Amino acid sequence: MNSGIYYVIFTRYTGIFGDGLMVFDNGNIHGGDNRYLYRGHYKVEGNSLTAKIQISYYRGKFQSLFGPVDKFDLTLSGDAGEDRFKISGHISGWSEMQITIEGQKQADLVTELPPTLSPSLHLQPSPA
C-alpha cells in the first residue's frame, strides 16, 4: 500500500455509514471528517494491512457510527493493494461493535514544497 491521501467510507452491518479522509504516511494515520478526527498507526506486510485508529469527537453534531460516543479506539485488519484497502474490525474491548473501512487513494503526499508555496513567499496587499 502506498503512502498518500485516501478517501474512506465507514460501514456497519446495520447499513449506517460515514466518510472522510485519511492520510497514510510511513506507518502513521491522520485524518478526519466534519465531526471526528482520526489518528493512529498501520502496518503493511505483503497485501495484509493492520491498523489501530483512535477516533475522537471535535465539533458539530455529537453522533458517531456507534451512537453518541466521544472517543474510541478501533482494531482493524484486512487487505491492501497499491492504492486501495479494505479493513474490518471493532472497537477495542467491545468486539460486537463491528466496522469496515474501505479506502481509495486520491493523491500523493507532498515531499517538498513547490516554488509557489515556498516558506519565503510573502503576500503583498492588493493595490487600492
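Among the residues of segment 64-82, just one is crowded, with 17+ Cβ neighbours inside 10 Å and touching a residue at least 60 places away in the same chain (Cβ under 8 Å), namely A80. Scanning segment 52-74 for residues that are closer than 14 Å to G18 by Cα, assigned to a loop (DSSP other than H, G, I, E, B) and touching a Phe, Trp or Tyr at 6+ places or on another chain (Cβ under 6 Å) gives a single hit, L65.
With respect to (1) modelled with pLDDT of 95 or more; (2) not in a strand (DSSP E or B), the lone exception for L49 is condition (2).
The set of residues in segment 83-95 that are surrounded by fewer than 18 Cβ atoms within 10 Å (Cβ to Cβ) and at pLDDT 95 or above comprises D83, R84, K86, S88. Inside segment 15-39, residues that are surrounded by 16 or more Cβ atoms within 10 Å (Cβ to Cβ), more than 19 Å from A107 (Cα to Cα) and touching a residue at least 24 places away in the same chain (Cβ under 8 Å) make up a count of 3. Of all the criteria given as (1) modelled with pLDDT of 90 or more; (2) exposed (fewer than 14 other Cβ atoms within 10 Å of the Cβ), the one not satisfied by V44 is (2).
Scoring D79 on the criteria (1) of a type outside the set (A, V, I, L, M); (2) under 17 Å from G20 (Cα atoms); (3) modelled with pLDDT of 95 or more leaves a single failure, condition (2). Screening the candidates D73, D108, D83 for the property of being touching a strand residue (DSSP E or B) at 6+ places or on another chain (Cβ under 9 Å), under 16 Å from A51 (Cβ atoms) and among the acidic types (D, E) yields one hit, D73.
Residues checked against (1) in a strand (DSSP E or B); (2) on the phi > 0 side of the Ramachandran plot; (3) over 14 Å from the mean Cα position of the chain (by Cα):
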{"residue": "Y6", "(1), (2), (3)": "yes, no, no"}
{"residue": "I9", "(1), (2), (3)": "yes, no, no"}
{"residue": "G18", "(1), (2), (3)": "yes, no, no"}
{"residue": "N34", "(1), (2), (3)": "no, no, no"}
{"residue": "L76", "(1), (2), (3)": "yes, no, no"}
{"residue": "K105", "(1), (2), (3)": "yes, no, no"}
{"residue": "T111", "(1), (2), (3)": "no, no, yes"}
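The values are calculated or read from the model by the stated rules, or taken from the named source; none is laboratory data. Computed from a predicted structure; not experimentally measured. Here Cβ is always computed from backbone atoms with ideal geometry, including for glycine, and neighbour counts include all displayed protein chains.
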